[in-house]
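Worksheet: one structure, shown below.
The values are calculated or read from the model by the stated rules, or taken from the named source; none is laboratory data. As the structure is a computational prediction, the values presented were derived from the model and not from experiment. FYI the Cβ positions are ideal-geometry reconstructions off the backbone, even for glycines, and counts take in every protein chain you see. Ligands, DNA and RNA are excluded from the accessible area calculation, which covers all protein heavy atoms including side chains. Shrake-Rupley method; radii C 1.70, N 1.55, O 1.52, S 1.80 Å.
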Number of protein chains: 2
Amino acid sequence: MKPPVKKTPVARRGRRDSHRLTPHELELGAFFVQMAGILGVPRSVAQIYALLYAADVALDFDQIQAKLGMSKGSVSQGLKFLRDHEMILSVKAKGVRRERWEPTPSLAASMVNLVRRQVLPALEQSTPALQRVLDGAQKAGASPEVLERLTRLKRWNARALELFPLMLPPSPGG
Amino acid sequence: MKPPVKKTPVARRGRRDSHRLTPHELELGAFFVQMAGILGVPRSVAQIYALLYAADVALDFDQIQAKLGMSKGSVSQGLKFLRDHEMILSVKAKGVRRERWEPTPSLAASMVNLVRRQVLPALEQSTPALQRVLDGAQKAGASPEVLERLTRLKRWNARALELFPLMLPPSPGG
DNA sequence: GCCTAAGTTCAATTTTTATTGAAACATGTC
DNA sequence: GACATGTTTCAATAAAAATTGAACTTAGGC
C-alpha cells in the first residue's frame, strides 16, 4: 500500500521545475498534492490547481506549463480533469483566443463532487451485486451469522446510496 | 488518473486463484476490492477481508493463502494491515498454535478508522504549512483576493481538524 | 536449550498508474 | 479556404505501488 508519507520524487523535481515557484507556491502545492493523494487524484492535477489557487490573475496554458515545467499533455489533461470536475473556470476576454483559468469559488463543493463521482457509481453497481451474493449464500446454506453480515452490508449500501446525493445538490453537468 | 472502472487483471486471475472460490465469494470480493480502491487499500487486502467476511468459520493463514492463491508475503502483510486497522480479530483455541481470523463486528467503524488515519495526519501537518503560506503571501504583497482564498482554506482546514475526531470515538490503539 | 512449525521481512519483480511529446485536430484570423 | 496558433490525443516511457518468495525471526513443544 502507499507509504504513509510520500517521499519527494527528487529526480523529477530537480530536473526542471520548482525554481520558478515561490516558496509559498511550493508549500501550497505540497498541501494540495497531499490531499489529492488521498482522493486518488494525480500529482500534476493538484499542482495545476494549487498554482491557479495562489495566482493573483487567471493563467493561460503556456504560463502553467512554464511555471510547473510539465508537458503539454499533462497540462491539457490536468485542465480537462479540473474542468470536468468544475474546479476551474475559464475567463475569456473578447478578441483573445487563449483561454485563461482561475479556480471556481467553492473548493468545498468541488471536493464533494470529486468524492461523489468516485463513490456513487460504485454504490449503484453494488446494490444488485450484493443482492446476488446474499441469494447465493442463502442457496448455498450459509450460516445465520454470515447471512446476517451480508444483510447488514446490503442495508448499509442502500443507506449510503440514499444519503449520498443529499451531501450537495447535483451539479449542472449531471 | 485511475480509469473509472478497473479492468480485471486477467493474466493473474486466470493463473491460479478464483476457481477455488464460489461465485458469491468472487462477487463479494469484487465489491470489497472496488471499495478498497476508493480508499486506497490494495486489492489483496480487500480480497482477504472479503474471504473472511463470507466465511462461516474463522480461517487460518494457510487456508487464506490456498483459497486466494496469493503469496505468504501478501497474506502476512494483508493480515497485518487488517489487524492494525482493527478490521479482523484472532480467535484462539487453546493448545492450538495457529491463529484463526474473523472480521470484527463493525465494518462501518473500521472504515471510518481507515479514513481517519489517512486524513487526520494530513490535516495536522497542513495547519502550520497553511499559516506559513498565508504569511508568505502577505509579505509578498499578494492580492486581497488570494489572501481571502488562503484564509478560507486555512479556516476550512481548522474546522475539518476539529470535526473529524468526532466522527467516532478514538480507537483503543491510539 | 534445541528443533520445528508459524509468521515476518524485504529486495527483486510484476503490475498499474502517471507523464511525456510528437502528430493530429480545432478554431479563430486574414 | 489557407494559415497559424492553441489544444487534444495517444502510443511510448517513466514512476509508483503491489506482489512475490526465499531468507530470516519468533514462539512453543519437547
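Listed by first and then second residue, the pairs with beta-carbon distance under 9 Å, at least 6 apart or on different chains, first residue in region B:95-109 and within 17 Å of B:A54 (Cβ to Cβ), second acidic (D, E) and within 12 Å of DNA strand C (Cβ to nearest atom), are B:R100/B:D60; B:W101/B:D60. Take the conditions (1) within 10 Å of DNA strand C (Cβ to nearest atom); (2) within 23 Å of B:K154 (Cα to Cα); A:V75 misses just one of them, which is (2).
Do you know which residues across region B:41-57 are outside any loop (DSSP other than H, G, I, E, B) and over 21 Å from B:A108 (Cβ atoms)? Listed by number, the residues that qualify are B:R43, B:S44.
Does any residue of region A:24-45 turn out to be away from chain B (no Cβ under 12 Å) and either within 12 Å of DNA strand C (Cβ to nearest atom) or modelled with pLDDT of 95 or more (or both)?
No: region A:24-45 contains no residue that is away from chain B (no Cβ under 12 Å) and either within 12 Å of DNA strand C (Cβ to nearest atom) or modelled with pLDDT of 95 or more (or both).
Could you tell me which residue of region A:40-84 is most open to solvent (accessible area, probe 1.4 Å), considering only residues that are in contact with a Ser or Thr (Cβ under 9 Å, 6 or more places away or on another chain) and of a type in the set (V, I, T)? In this case the residue turns out to be A:V57. The residues on offer are A:E145, A:E86, and the sole one that is away from DNA strand C (no atom under 16 Å from the Cβ) and outside any helix (DSSP H, G or I) is A:E86. Filtered by the rule that a residue be more than 9 Å from chain B (Cβ to nearest Cβ) and in contact (Cβ under 8 Å) with a residue 24 or more places away in the chain, region A:124-152 gives A:E124, A:T127.
Which one of these is within 30 Å of B:E148 (Cα to Cα), part of a helix (DSSP H, G or I) and out of contact with any strand residue (DSSP E or B) (no Cβ under 9 Å at 6 or more places or on another chain): A:N113, A:N157?
Working: A:N157 fails: within 30 Å of B:E148 (Cα to Cα).
Residue meeting the stated conditions: A:N113.
Of the residues making up region A:36-56, those that are in contact (Cβ under 8 Å) with a residue 40 or more places away in the chain and of a type outside the set (S, T, Y) number 5. Annotation: of all residues in region B:106-123 being facing another protein chain (nearest Cβ under 10 Å) and of a type in the set (V, I, T), the one that is farthest from A:W156 (Cα to Cα) is B:V119.
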